[in-house]
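Visitor: One structure follows; several queries about it will come next.
Nothing in this text is a laboratory measurement; each read-out follows from the coordinates by a stated rule. Predicted model only: the values in this text are computed from it and were never measured. FYI the Cβ positions are ideal-geometry reconstructions off the backbone, even for glycines, and counts take in every protein chain you see.
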Amino acid sequence: MTLLDGKKTSEAIQNEIAAEVAAIRANGGKVPHLAAVLVGNDGGSITYVTNKVATCERIGFGSSLIRYEDTVTEEELLNKIKELNEDDEVDGFIVQLPLPRHIDTEKVIEAIDPKKDVDGFHPTNVGRMVAGLPAYLPATPAGILQLLMRYEIETKGKHCVVIGRSNIVGTPMSILMSKSTYPGNCTVTLCHRHTADLAYHTRQADIIIVAVGQPGLITADMVKEGAVVIDVGTTRVPDASRKSGFRLRGDVDFEGVAEKCSYITPVPGGVGPLTIAMLMTNTLRAAKKEVY
Ligand code: GUN
């Protein structure tokens, strides 16, 4: 079994980007700038956004963090998005999700200029991805593609079972794995909460990608010998022995499954670290006007 080291892969990608930014700077070009909008005080969201901004600093990007109380009105948020859309200094920006319930998330996402939508959540980018046109790919699926590529995992003709149909991970992942480019050319099954017999499907899989947020859902008896297992789950479970009071658990029963599969991602240190690297990749592409 080979461990798919997301931390190492993310560092490699970030170093590649940092080298490119240094060259842009040396040539007097515009350094990429990412802005992040954070609403409220959710612990997970604050950690993610803080990491994104810190990564920008480390690799030489400009960054701005715009914070609002969770009482912010939809109108205020939409005005800020309009401002960011028009700000030539900002190459790309994200609005960290989830948003408070009184704000219409779809309306907010649709207000973002697709050219600056480095999360790849705008319907224009989703549509372009489906059509096989240049688009910003959402960070988590893009990170998984990088893992498959950099570990040179064969995907052509394989059966890929994706579990979870979120807009952020499962749905785009299922589309990307079915595309006629590498890594892709898979036969794809997309499972979700109404799948009648999940184990029946996972046992057929050469590649399992699970993103549902149910710790330990995938057990060894559900996995074919030699399968590739990608675990996107990162659920905080209470752990009194940690200073933080919690630890992260994936959707895969790692101990059991690791013995059966050919490749597996750990949690933490698997898919998670790659999402930031791919957000930075999208921001660099935005600055270089590579997509639009
Ligand atoms: N919430 C969880 N994942 C993400 C992400 O990739 N982008 C944004 N904006 N919010 C998130």
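Visitor: What trypsin sites (Lys or Arg not before Pro) does segment 99-163 have in DSSP loop regions with at most 11 other beta carbons within 10 Å?
Guide: Those that pass, being in a loop and sparsely packed, are Arg101, Lys156.
Visitor: Could you pull the Rg and Dmax for segment 1-48, using just the Cα atoms, both in Å?
Guide: In order Rg, Dmax, the Cα atoms of segment 1-48 give 16.0, 46 Å.
Visitor: Around Val210, what is the net charge, scoring Lys/Arg as +1 and Asp/Glu as -1 over all other residues with Cβ under 9 Å from its Cβ?
Guide: Once positives and negatives cancel, what remains is -2.
Visitor: Multiply the residue separation of Arg25 and Leu78 by 0.36 nm, subtract the distance between their alpha-carbon atoms, and state the gained length in nm to one decimal.
Guide: 15.8 nm
Visitor: Ok, one more. Find how much the distance from Arg193 to Leu133 grows on full extension, using 0.36 nm per residue of separation minus their present alpha carbon separation; answer in nm with one decimal.
Guide: 18.5 nm
Visitor: By per-residue mean of other Cβ atoms within 10 Å, what is the highest-first order of 135-141, 89-95, 190-196?
Guide: 135-141, 89-95, 190-196
Visitor: What share of the DSSP beta bridges in the chain is antiparallel, in percent to the nearest 5?
Guide: Counting DSSP beta bridges with both partners in the chain, the antiparallel share is about 10 percent.
Visitor: Consider a paramagnetic label point 7 Å from the Cα of Arg247 along Cα→Cβ; state which residues of segment 254-277 have an amide N under 11 Å from it.
Guide: Under cut-off, by backbone N: 268.
Visitor: Quickly work out the Lys179-to-Leu3 label distance, labels modelled 7 Å from Cα along the C-beta direction, and quote it in nm with one decimal.
Guide: Calculated label separation equals 3.0 nm.
Visitor: Over all directions, how big on average is the projection of the convex hull of the alpha-carbon atoms in the chain, in square nanometres?
Guide: One quarter of the hull surface, i.e. the mean projection, equals 15.6 nm².
Visitor: Once the piece of chain linking Ala18 and Met149 is laid out straight, how much longer is it, given 0.36 nm per residue of separation minus the C-alpha distance between them?
Guide: Full-extension gain reported as 45.1 nm.
Visitor: Continuing with the same structure: Semi-axes of the equivalent ellipsoid of segment 26-113: what are they in whole Å, largest first, if each equals the square root of 5 times a C-alpha gyration tensor eigenvalue?
Guide: 24, 16, 9
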